[in-house]
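One structure is given here, and the rest of the page talks about it.
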Amino acid sequence: MVRLGRAHGLVVIDVLQPLMGFLGTALQSSPSQRPGVFRHQSEDAFKVTEAIHFTLKHDDGLGMDTLDQADLIILGVSRTGKTPTSIYLSCRKLRVANVPIISGVPLPPEVLRSHAPKVGFRLGVERLSQLRARRAGRIRGRSIPRYSDRTSIQEELDYCETVYQSIPGLFTVDVTDRSIEETSDWITHNAVTKAST
């Protein structure tokens, strides 16, 4: 580019050369100067970006009109870790939708119509009460009646189990003592792998 620019009488300034020189010295490595070296990596990055974008658009019951494009659907009551697990899995190139189970609210029919593997989260009453009490303390100006009340939580969990029983082929996982990473590994090895075979 520099050579061609000069041949045509143009002033050409290579603004990347000082940066590349600095990086080469700092990293003790010279650039390969081969175009397209990162093409494979950029395809992977595009797939991750696409999965994250999909997952964010399908968080907490959103995006029902395109739920059929999901690679995985996660279900559970509030504060069971559906969103962080979904985002973590999207970084593994999975398009994840998460759908809340709310007492008295029917399951969206799109969930049953979807061919994506479905995973229901279970969480112990005590742990869920603790998580919700912490969350309720951070919500300013809003009061959610009985949000962290153990009796109310047990009723929600009972309703959730009834919904789970209505979903054919549903995988369930107890996330009470699992980290997001452990839950994600369980989902990948159990629900996603088994559903694809």
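Look at (1) surrounded by 14 or more Cβ atoms within 10 Å (Cβ to Cβ); (2) within 26 Å of D68 (Cβ to Cβ); (3) not basic (K, R) and you find that L131 fails only one, number (2).
Note on segment 104-126: residues that are more than 20 Å from T66 (Cβ to Cβ) and surrounded by 14 or more Cβ atoms within 10 Å (Cβ to Cβ) amount to 6. Taken across segment 167-177, residues that are buried (at least 16 other Cβ atoms within 10 Å of the Cβ), in contact (Cβ under 8 Å) with a residue 40 or more places away in the chain and either over 18 Å from the mean Cα position of the chain (by Cα) or not assigned by TED's automatic domain parsing to the domain that holds I74 (or both) do occur, with at least one present. Against the list (1) basic (K, R); (2) buried (at least 20 other Cβ atoms within 10 Å of the Cβ); (3) closer than 20 Å to H53 by Cβ, the condition K93 fails is (2). Among the residues of segment 62-79, those identified as in a loop (DSSP other than H, G, I, E, B) and surrounded by fewer than 24 Cβ atoms within 10 Å (Cβ to Cβ) are L62, G63, D71, V77, S78, R79. Under the condition of being over 17 Å from M1 (Cα atoms) and either surrounded by 10 or more Cβ atoms within 10 Å (Cβ to Cβ) or modelled with pLDDT under 80 (or both), the residues counted in segment 20-30 number 6. Of the helices (runs of 4 or more DSSP H) that lie entirely inside segment 80-190, those containing 2 or more residues that are in contact with a Lys or Arg (Cβ under 7 Å, 6 or more places away or on another chain) and among the aliphatic types (A, V, I, L, M) span 125-138.
The values are calculated or read from the model by the stated rules, or taken from the named source; none is laboratory data. This structure is a prediction, so every number in the text was calculated from the model and none was measured. Reconstructed Cβ throughout: ideal geometry from the backbone, glycine too, with neighbour counts over all protein chains shown.
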